[in-house]
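Enquirer: Attaching a single structure in structure tokens format; questions to follow.
Values in this text are rule-based calculations from the coordinates and carry no lab data. Quick caveat: nothing in here was measured; it's all calculated off a predicted structure. Glycine gets a Cβ as well: all are built from the backbone with ideal geometry, and neighbour counts include every protein chain shown.
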Amino acid sequence: MLIMANNSSVPYYNWFASESRKHPEIKLSFIALHSVRPKMLDEMKAFDCNCYWIPFDESRRKRAMLSAIPKLYSLFRKIKPDIVHSSLFDDALPSLVASWLARIKCRVVTRPDTGFHWYFAPKAKYFDKINNALASHIVAISEESKRFLIEKEKADERKITLIHHGIDIEQLTMQNDEAKQRLKKQYGLENKIVVGTISRLIEWKGYRFIIEAAPALVSKYPNMKFLFVGTGGQKEELEALIKNNGMQNHIELTGWVDRADIPSLYGVMDIYLHAAFLEPFGFVIPEAMVNAVPIVSTKTGSAADSIEHLKSGYLIDYHSSEQISEGIDFMMTHDKKKIGQAGKLIALDLFPFSRMWKNHLSFYKQILGK
């Protein structure tokens, strides 16, 4: 039984549902904790999955999580699942409490948010430890995430299994020449060296260090332009930093971009730059890699697990505008195409959805002793 909160859709849940039809020994069920019944549940039913909806008011998170516990407990007692698998914090805490009370033996939590509470909401980090204690099994999504669980949260290492996320490679590489030309025109990218970043505009993503690195890089490469793709609460602060560094003509904040345009957006980038601090996974890394975009990234999440420094990308330390400059300069003075292709081959091996599904299937069978 897989559980989600606050999301009307989780792409890999759809993939799981579809793949489960090929395995009659597996019967997936889904629970959505959401303010309205997600349409995704109808899609799941088409794959012969049982689906349940529990109303969940995200604007009153604490009350919503508390009220979800007895409802989940009652449901678990009724249908008696072999495995309860939760993920994000809002669904993990109530489902782990309810499944523990209902004496469900296999209580799994995937931790895609390691570090967030620790650094940005420290009062809540104790609940992460409670979740780790209530879980019978913990899924880490990168080596860095696994280390954090063990070293910072003191989770029992014997409970932890590493399973990388997967991506829909076919969909994420559907570049469109017409869309690429439109994007170039829209953001003034013609005849530019495009260094792109796709992520929320929040402190965690390290944008300020990119802005600090930009003047020296633009001085050396005058036709370089940085593309910040995303929205977030740090927008006004970043706009001020851009102005203070005189980079208004060299850094473009695109705001929200249609998901259908993302593959084509990778197609107009010469370099992908990721400056995030403690990224548990970072979907943008495998997405950029399968599009053969050479990557400069902090040593975090999927980047640290997949990039071979200087061969299939360039790895840098956290919070270092100097190393960002060095990484971009390395790409500009080496064969970017060769580096991008090397990264693509690695991503095609490590991050296809099919591998993620197979790893989960093996994991489920292992913990059930089958």
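Enquirer: In debye, nearest 20: dipole of segment 169-350 around its Cα centre with unit charges on the Cβ of K, R (+) and D, E (-)? Spell out each step's value before the answer.
Expert: Working: 19 positive and 23 negative charges, 77 e Å.
Dipole of segment 169-350, to the nearest 20 debye: 360 debye.
Enquirer: Turning to a different aspect of this structure: Pick from Leu348, Leu278, Leu96: which is most flexible by mean-square fluctuation in a GNM of the chain where alpha carbon atoms under 10 Å apart are linked?
Expert: Leu348
Enquirer: Also, I was wondering about something else. Please give me the summed charge of the neighbours of Asp113: other residues whose Cβ is under 12 Å from its Cβ, Lys and Arg +1, Asp and Glu -1. Show your work: numbers first, answer last.
Expert: Working: positive: Arg111, Lys125; negative: Asp90, Asp91, Asp128, Glu153, Glu279.
Value of the local net charge: -3.
Enquirer: Go ahead and set up a Gaussian network model of the chain, Cα springs under 10 Å, then flag whichever of Glu153, Glu43, Glu212 fluctuates most.
Expert: In this elastic network of the chain, the residue with the biggest mean-square fluctuation among Glu153, Glu43, Glu212 is Glu43.
Enquirer: Normalised by the residues of segment 1-110, what does the relative contact order come to in percent, with Cα pairs under 8 Å and at least six apart?
Expert: Numbers: 183 pairs, mean separation 29.8, N = 110.
That works out to 27 percent.
Enquirer: With a ≥ b ≥ c taken as the square roots of the eigenvalues of the C-alpha gyration tensor of segment 176-281, please select rounded if a/c is under 1.5 and otherwise prolate if a/b is larger than b/c or oblate if it is not? Don't jump to the answer; show the numbers that get you there.
Expert: Details: a/c = 1.65, a/b = 1.16, b/c = 1.42.
Oblate, because a/c is 1.5 or more while a/b does not exceed b/c.
Enquirer: Got a sec to turn the phi values of segment 72-89 into Karplus ³J(HN,Hα) couplings, 6.51 cos²θ - 1.76 cosθ + 1.60 with θ = phi - 60°, whole Hz, x for Gly and Pro?
Expert: Per-residue couplings from phi come out as 5, 4, 4, 5, 5, 5, 6, 9, 6, x, 6, 9, 10, 10, 10, 9, 5, 3 Hz.
Enquirer: Work out the length of the dipole vector of the chain about its Cα centre, built from +1 on the beta-carbon of each Lys and Arg and -1 on the beta-carbon of each Asp and Glu, and round it to the nearest 20 debye.
Expert: With Lys and Arg at +1 and Asp and Glu at -1, about 1460 debye.
Enquirer: Semi-axes of the equivalent ellipsoid for segment 169-350, please: Cα gyration tensor eigenvalues, times 5, square-rooted, ordered largest first, whole Å. Intermediate values should be presented prior to the final figure.
Expert: Working: eigenvalues 94, 72, 53 Å².
Working through the eigenvalues yields semi-axes of 22, 19, 16 Å.
Enquirer: Tabulate in residue order the Karplus-calculated ³J(HN,Hα) for segment 151-165, using 6.51 cos²θ - 1.76 cosθ + 1.60 with θ = phi - 60°, rounded to whole Hz; enter x for Gly and Pro.
Expert: Per-residue couplings from phi come out as 7, 8, 8, 6, 5, 5, 4, 5, 7, 8, 10, 8, 9, 5, 5 Hz.
Enquirer: Next question, about the same structure. Report the relative contact order of segment 169-350, percent, no decimals, based on alpha-carbon pairs under 8 angstrom and at least 6 residues apart.
Expert: Numbers: 331 pairs, mean separation 43.5, N = 182.
After rounding, I find 24 percent.
Enquirer: Let me ask another. Please list, or write none, the lysines whose alpha carbon is within less than 19 Å of the alpha carbon of Lys154, excluding same-chain residues fewer than 8 places away.
Expert: Lys123, Lys125, Lys129, Lys146
Enquirer: Select from Pro352, Gly340, Pro222 the residue farthest towards the positive end of the dipole of the chain; place +1 on Cβ of Lys and Arg, -1 on Cβ of Asp and Glu, and compute about the Cα centre.
Expert: Towards the positive end, the residue furthest out is Pro352.
Enquirer: Same structure again: How high is the relative contact order of the chain, in percent, counting Cα pairs under 8 Å that sit 6 or more residues apart?
Expert: Values: 670 pairs, mean separation 50.2, N = 370.
Value for the chain: 14 percent.
Enquirer: Within a Cβ distance under 12 Å of Phe353, other residues only, what is the Lys/Arg minus Asp/Glu net charge?
Expert: Working: positive: Arg355, Lys358; negative: Glu19, Asp168, Glu170.
Spelling it out: positives minus negatives among the neighbours equals -1.
Enquirer: Who wins for biggest fluctuation among Ser312, Ser219, Ser99 in a Gaussian network model of the chain, springs between alpha carbons below 10 Å?
Expert: Fluctuation is largest for Ser219.
Enquirer: Hey, got a sec? Which GluC sites (Glu not before Pro) in segment 242-333 land in a DSSP loop and have at most 13 other Cβ atoms within 10 Å?
Expert: On the way: sites: Glu252, Glu287, Glu308, Glu322, Glu326; in loops: Glu308.
Here the GluC sites (Glu not before Pro) that fit, given the DSSP loop and packing criteria, are Glu308.
Enquirer: Along the three principal axes, how long is the chain when you take its alpha carbons, biggest first, rounded to the nearest angstrom?
Expert: Computed over the Cα atoms, the extents are 66, 43, 38 Å.
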